[in-house]
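The values are calculated or read from the model by the stated rules, or taken from the named source; none is laboratory data. Source: prediction; values computed, not measured. Every residue, glycine as well, gets a Cβ built from its backbone with ideal geometry; the counts of neighbours run over all protein chains shown. With ligands, DNA and RNA removed, areas are computed over all heavy atoms of the protein, side chains included. Shrake-Rupley method; radii C 1.70, N 1.55, O 1.52, S 1.80 Å.
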Amino acid sequence: MTTKREPAVALLLEVLKTYSVSMKEAKLSKLLRERMRQRGFKAVRTDKAGNAIGEVGSGHPHVLFCGHMDTVPGFLRVRAEGDRVYGRGAADAKSPMCAMISSIGGGASPGGMKVTMACVTREEGDSLGVETLIESGGDYDYAVFGEPAGAGRITVGYRGRTAARIAVRTHGGHASSSWAHPSAVDESLGIMSLIKEYEKKNTVDGDHYRSLSASLTVIRGGSYSNVIPKRCEMTFDVRIPPGMNSSRVKEDLVAVVEGHARMRGGIDAKVEFDGSTEAYDAPLDSVVVRGFQRSILKTLNTRPVLTHKTGTGDMNTLAEKMGVPCVTYGPADSNLGHTEMEFVSIPDYLGSIKVLSGALREIKALHGRDA
């Protein structure tokens, strides 16, 4: 039975025990830089975002391995039980990050290529870590992002995202005269219904990945039991499928909100957007996709599964801004992330390390052939 004495498992346990909720990753960043140095990484450093970065090898192809250090809040007791390791981040996404480090440390990467390992901050928040990494530049040929899916699965697509913040204002009034005073909450719910109609028009039956979704995540309104609300604020998490760009979606939502205000009269309604990220579909004939497919076949003796996820990841941002072919890969079941029973299977974790090492060899071979 695999135990915590296995070096890769010991690293994972140590990393899980270092609690690193988003924006509080400094302690873990220091630990990871120490462990990278011990494993033979060169040019180990940090940056203004607190990322932990190290390099192995030189030349081309140059592959970026990028995992995130931060987790959502909620400490979980770290423990190894049977063939599982439990703890906050065991799935999302410390096990993928540790698998990457373990796959290239100690000169494990093939010669004649370079691998940069970036452990980034704030992926669960404002993505400052990957944004700073992008700003610093890099001559990457390919990029691999660490997120859970399982050792035999390759994530080749994510939807895009924006957050729509809608503010509705009326003059309010006494609750006993509701016919005379429009309620900001009622008007907001009317806007929500229109947004849900827009969502339905952009839904592909049976295919969530290629459908737009607009989820109401926050609503605030009302101040007293007998006063009609004069203010209401809503936030929608909007996920954007391939084939739709964020500019078009934002224009459509502005038209929905402002059109409702004009039609109703006597209310003020505005919408603002908290950033935007485009959808990303990896080219299935790219070197990095084929490299992982070949590695899974050879290493795990199983047919690789290509997956598309309905969420949004750092992969979207780097692919859009740097034009680098990307995939996302890592052990664990993504459905366990952010839950109270978050764990990774040790065989799945160790298998992913072998796949990552093999993928580098395959990428090197394919890059030389396609160059």
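So how strong a dipole does region 1-69 carry about its Cα centre when Lys and Arg Cβ are +1 and Asp and Glu Cβ are -1, to the nearest 20 debye?
Here the size comes out at about 220 debye.
Skip the ligands, DNA and RNA, and give the accessible area per residue of the chain with a 1.4 Å probe, whole Å².
Each residue of the chain exposes 44 Å² on average to a 1.4 Å probe.
Once both labels are modelled 7 Å past Cα along the beta-carbon direction, what's the LYS27-LYS200 spacing in nm?
My value for the distance between the label points is 5.0 nm.
Kindly provide the Kirkwood hydrodynamic radius of region 253-354 in Å, to one decimal, from all pairs of distinct alpha carbon atoms.
Numbers: mean 1/r = 0.0570 Å⁻¹.
About 17.5 Å for region 253-354.
By accessible area of protein heavy atoms, probe 1.4 Å, what ranking do LYS298, LYS309 get, highest first? Could the numbers behind the result be given before it?
On the way: LYS298 145, LYS309 35 Å².
The ordering from most to least exposed comes out as LYS298, LYS309.
Where both partners of a DSSP beta bridge lie in the chain, what percent of those bridges are antiparallel, to the nearest 5?
70 percent
Kindly state, to the nearest 0.05, the FRET efficiency for ALA180 paired with SER247, given R0 = 41 Å and r defined as their beta-carbon distance.
Efficiency, from the Cβ-Cβ distance: 0.55.
Looking at the P(r) of region 150-263, how many percent of alpha-carbon pairs lie beyond 18 Å? Mind showing how you got there, number by number?
Working: 3613 of 6441 pairs.
Beyond 18 Å sits 56 percent of the P(r) for region 150-263.
If you roll a 1.4 angstrom probe over the protein chains with everything in place, what fraction of the accessible area of region 1-94 belongs to carbon and sulfur, to the nearest %?
Working: 2240 of 4340 Å².
Percent of accessible area from carbon and sulfur atoms in region 1-94: 52.
Sorted by accessible area with a 1.4 angstrom probe, largest first, how do ARG159, ARG231 fall?
Ranked from most to least accessible, the order is ARG231, ARG159.
Simple spin-label model, 7 Å along Cα-to-Cβ: ARG79 to LYS17 in nm?
1.5 nm
Find out how many positive minus negative residues lie around ALA149, taking Lys and Arg as positive, Asp and Glu as negative, among other residues whose Cβ is under 13 Å from that of ALA149.
Details: positive: ARG153, LYS309; negative: ASP92, GLU147, ASP333, ASP348.
Around ALA149, the charge tally is -2.
In terms of solvent-accessible area of protein heavy atoms at a 1.4 angstrom probe, what is the ranking of LYS30, LYS24, LYS114, highest value first?
Ranked from most to least accessible, the order is LYS24, LYS30, LYS114.
Computed FRET efficiency, Cβ-Cβ of ASP126 and LEU284, R0 30 Å: what is it to the nearest 0.05?
Values: r = 31 Å, r/R0 = 1.03.
FRET efficiency, ASP126 to LEU284: 0.45.
Using every alpha carbon pair in the chain, what percent of pairs falls into each 20 Å bin from 0 up to the bin containing the largest distance?
28, 49, 20, 3
Which helices pass in the chain if a helix is a full DSSP H run, must span at least 20 angstrom along its long axis by Cα, and must have mean Kyte-Doolittle hydropathy not below -1.0?
Within the chain the helices that satisfy the rule are 184-201, 246-264, 346-370.
Between TYR224 and LYS298, what is the FRET efficiency for a Förster distance of 45 Å, r being their Cβ-Cβ separation, to the nearest 0.05?
On the way: r = 67 Å, r/R0 = 1.50.
Calculated value: 0.10.
Per 10 Å bin from zero, what fraction in whole % of the C-alpha pairs of region 1-151 is there, up to the bin with the longest pair?
Per 10 Å bin, starting at 0, the Cα pair percentages come out as 12, 44, 35, 9, 0.
Once fully extended, how much extra length lies between ARG165 and GLU320, figured as 0.36 nm per residue of separation less the alpha-carbon to alpha-carbon distance?
So the chain would gain 53.4 nm between ARG165 and GLU320.
Can you compute the charge dipole magnitude of the chain about its Cα centre, using +1 on each Lys and Arg Cβ and -1 on each Asp and Glu Cβ, nothing else charged? Give it in debye, rounded to the nearest 20.
In debye, rounded to 20, the chain gives about 860.
I'd like the carbon and sulfur percentage of the solvent accessible area for region 179-258, probe radius 1.4 Å, heavy atoms only, ligands and nucleic acids excluded.
Carbon-and-sulfur percentage of accessible area, whole number: 50.
How big is the accessible area of MET244 in square angstrom, nearest 10, if you roll a 1.4 angstrom probe over the protein chains?
20 Å²
LYS200: which lysines have alpha carbons under 27 Å from its alpha carbon, excluding same-chain residues fewer than 8 sequence positions away?
LYS250, LYS270, LYS309
Cross-link candidates for LYS17: which lysines have Cα within less than 26 Å, leaving aside residues fewer than 8 places away along the same chain?
Cα-Cα hits under 26 Å: LYS4, LYS27, LYS30, LYS42, LYS48, LYS94, LYS354.
Hey, what's the Cα Rg ratio for region 97-152 versus the globular rule of thumb, 2.2 N^0.38 Å?
Cα-based Rg divided by the globular estimate yields 1.26.
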